[in-house]
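Below is one structure; the comments refer to it alone.
The values are calculated or read from the model by the stated rules, or taken from the named source; none is laboratory data. As the structure is a prediction and not an experimental result, all values here were calculated from the model. When we count neighbours, we look across all protein chains shown, and the Cβ atoms used for this are built from the backbone with ideal geometry, even at glycine.
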Amino acid sequence: MAVDLSFYKSYLSEEIRDEGREQGRTQGAAQRGAEDVLLVLQQRGLDVSDDVYTRVTDCSDPEILRQWLTRAVTAPTAEGIFDEAG
């Protein structure tokens with residue numbers, strides 16, 4: 001017989017759940033950011049090499065992805081998103 005312990009809440013269990021939620025949000029934001037960068041590059045008709053694809057999808061920092069997305073709007077090549085001058 002299973003015992004329902006869902007009513008039990010401790011400081012430690014809440015902290016672990018909160019950390020997991022935050023990590024999930026960050027991962028979700030990074031995944032969406034990578035998808036957005038690749039979509040802009042694709043819609044602009046730029047050739048996205050395997051190296052660019054891998055670098056973008058492996059990035060887990062939403063702020064860096066946001067910078068790359070901004071650069072993707074005007075970069076002359078897909079590789080140009082990684083260049084500070086963009």
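Go through region 22-47 and give me each residue that's among the hydrophobic types (A, V, I, L, M, F, W, C) and surrounded by 17 or more Cβ atoms within 10 Å (Cβ to Cβ).
Listed by number, the residues that qualify are A30, A34, V37, L38, V40, L41, L46.
With (1) at pLDDT 95 or above; (2) among the hydrophobic types (A, V, I, L, M, F, W, C); (3) in a loop (DSSP other than H, G, I, E, B) as the list, and L39 as the residue in question, which single condition is left unmet?
For L39, the exception is condition (3).
With the requirement that a residue be of a type in the set (D, E, K, R) and not in a helix (DSSP H, G or I), what does region 65-86 give you?
Those that are of a type in the set (D, E, K, R) and not in a helix (DSSP H, G or I): D83, E84.
Six or more apart or on different chains, Cβ under 7 Å: which pairs go from a residue in region 14-28 that's under 17 Å from C59 (Cβ atoms) to one that's in a helix (DSSP H, G or I)? Could you list them?
T26/P62
So which residues in region 43-64 are within 17 Å of F82 (Cβ to Cβ) and either without any contact (Cβ under 8 Å) to a residue 12 or more places away in the chain or part of a helix (DSSP H, G or I) (or both)? Write out each step before concluding.
Keep residues of region 43-64 that are within 17 Å of F82 (Cβ to Cβ), which gives 44, 46-64.
Of everything in region 43-64, those that are within 17 Å of F82 (Cβ to Cβ) and either without any contact (Cβ under 8 Å) to a residue 12 or more places away in the chain or part of a helix (DSSP H, G or I) (or both) turn out to be D50, D51, V52, Y53, T54, R55, V56, T57, D58, P62, E63, I64.
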